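Take a look at the structure below.
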Amino acid sequence: MTLVTGFDPDTHTAPWATVTLDGTIVGVGLFESKRQKGADSAARMAEVIASSPRPTCSSYLVIENQDAYFSGTTTKKARAEDLISLSFVGGAFAGQFPGARILRPLPAQWKGQVPKAVHQGRILTALGLKYETTGGASGDGYCVPLDPEPKIPGGSKLPKSAWKHVVDAIGLALWGVAEIKKLADLERFKANAS
């Protein structure tokens, strides 16, 4: 069975979600490390990833790539040190899956330029889940599924605050599935055109 795991690198709270090629969620989780700053936080998260049970072995990883500008309504430049730290965490995660193919979409590629709550609402709606928006007004909060099981195995064990990150990992994995299907269609087209 081909599995796709989405991972959203963060130096303190880094979520993952694994799905099948038909979009069925196999599992979700969260790596958490203590609040540290700078390179120490990235190194600590890498240690947490290496010492924690990892998600089911996947054929594909979809790891959010880093952009020099924050997505959304701001054009504030990201600090180079932050981008390096997040890339380091993404590499630590990828290193747990030797042989996996890696897709690295920029934030604007996989979620566009809409507020977090809007995009997360779209993800949960596509899964057929009802949700509430929390943590902010006018679309800058995040979405929490009201009854995640059985569509999100293990979802009922997650604290409410974890959904701020986990829904993004689900979105990355589902984006990856769509991209993989596009690549497969292109390969079939090329084979038939020959």
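Annotations
- Scope the range 104-133; condition open to solvent by less than 40 Å² (accessible area, probe 1.4 Å) and closer than 19 Å to ILE152 by Cα; matching residues: ALA117, HIS119, GLN120, GLY121, ILE123, LEU124, LEU127, LEU129
- Some residue of the range 142-165 being part of a helix (DSSP H, G or I) and among the hydrophobic types (A, V, I, L, M, F, W, C): yes
- Listed by first and then second residue, the pairs with beta-carbon distance under 7 Å, at least 6 apart or on different chains, first residue in the range 163-181 and hydrophobic (A, V, I, L, M, F, W, C), second open to solvent by 50 Å² or more (accessible area, probe 1.4 Å), are VAL177/LEU21; ILE180/LEU21.
- Taking the range 12-22 as the range and being surrounded by 24 or more Cβ atoms within 10 Å (Cβ to Cβ) and of a type in the set (Ser, Thr, Tyr) as the test, only THR18 passes.
- Here is the figure for the range 1-31: residues that are part of a loop (DSSP other than H, G, I, E, B) and aliphatic (A, V, I, L, M) total 2.
Residues checked against (1) over 21 Å from GLY27 (Cβ atoms); (2) under 16 Å from the mean Cα position of the chain (by Cα):
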{"position": "PRO150", "(1), (2)": "no, no"}
{"position": "LYS157", "(1), (2)": "no, no"}
{"position": "LYS160", "(1), (2)": "no, no"}
{"position": "ASP168", "(1), (2)": "no, yes"}
{"position": "LEU172", "(1), (2)": "no, yes"}
{"position": "ALA184", "(1), (2)": "yes, no"}
{"position": "ARG188", "(1), (2)": "yes, no"}
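- Residue within the range 158-175 that is open to solvent by 40 Å² or more (accessible area, probe 1.4 Å), among the acidic types (Asp, Glu) and modelled with pLDDT of 90 or more present: no
- Selected residue (only one of PRO9, PRO55 is closer than 18 Å to ALA100 by Cα, more than 11 Å from the chain's Cα centre (by Cα) and in contact (Cβ under 8 Å) with a residue 12 or more places away in the chain): PRO55
- Identity of the residue in the range 67-103, at pLDDT 90 or above, open to solvent by less than 40 Å² (accessible area, probe 1.4 Å) and in a loop (DSSP other than H, G, I, E, B), that ends up nearest to GLU179 (Cα to Cα): ALA100
The values are calculated or read from the model by the stated rules, or taken from the named source; none is laboratory data. All values derive from a computational prediction rather than experimental measurement. With ideal geometry, Cβ positions are generated from the backbone for all residues, glycine too; neighbour counts draw on all protein chains shown. Calculation scope for accessible area: heavy atoms of the full protein, side chains included, ligands and nucleic acids excluded. Shrake-Rupley method; radii C 1.70, N 1.55, O 1.52, S 1.80 Å.
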